[in-house]
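Working notes for the structure below.
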Amino acid sequence: MEEKKFTVFGTDLQKIPCFKKTFTMSTYCGIAAGLACFLLTSRIKKSADVAVLSFASSTLGYWIYCRYNWSKEFQLTQKMNSALHNVMLNESKKSTNE
């Protein structure tokens, strides 16, 4: 069965790190903030404004946080792969010299 791709402007959004996690969390945050504001004030327009603002700000904030952590982990993985590659080369040189 073929997997559906979610593309926008030719970019598969499922391949972007942190995309799904960020927008899921931001959607819940926007709904919760809008609902809480509506329950406290009973003003529909203000509640909608709060929901959109909290969605936008939480999307930006969580995206930065998630990408920073992803970048740190990616760099660490690259360093470990490089070190492992060097160890493998050194071991192969030792075994050929013996």
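Things to note:
- Segment 56-80, residues that are among the charged types (D, E, K, R) and surrounded by 11 or more Cβ atoms within 10 Å (Cβ to Cβ): Arg67, Glu73
- Scan segment 2-55 for residues that are hydrophobic (A, V, I, L, M, F, W, C), more than 23 Å from Phe74 (Cβ to Cβ) and crowded, with 16+ Cβ neighbours inside 10 Å and the total you get is 7.
- Cβ pairs under 7 Å, 6+ apart, first in segment 3-27 and among the small types (Gly, Ala, Ser), second part of a helix (DSSP H, G or I) and surrounded by 12 or more Cβ atoms within 10 Å (Cβ to Cβ): Ser26/Phe55; Ser26/Ser58; Ser26/Thr59; Ser26/Tyr62
- Restricting attention to segment 46-95, the residues being out of contact with any helix residue (DSSP H, G or I) (no Cβ under 8 Å at 6 or more places or on another chain) and among the aromatic types (Phe, Trp, Tyr) number 4.
- Qualifying residue in segment 69-84 (condition: farther than 18 Å from Ile16 by Cβ, part of a helix (DSSP H, G or I), among the small types (Gly, Ala, Ser) and at pLDDT 95 or above): no
The values are calculated or read from the model by the stated rules, or taken from the named source; none is laboratory data. From a predicted model like this one, the values you see are computed outputs, not experimental measurements. All Cβ positions, even for glycine, are placed from backbone atoms using ideal geometry, and neighbour counts span all protein chains on display.
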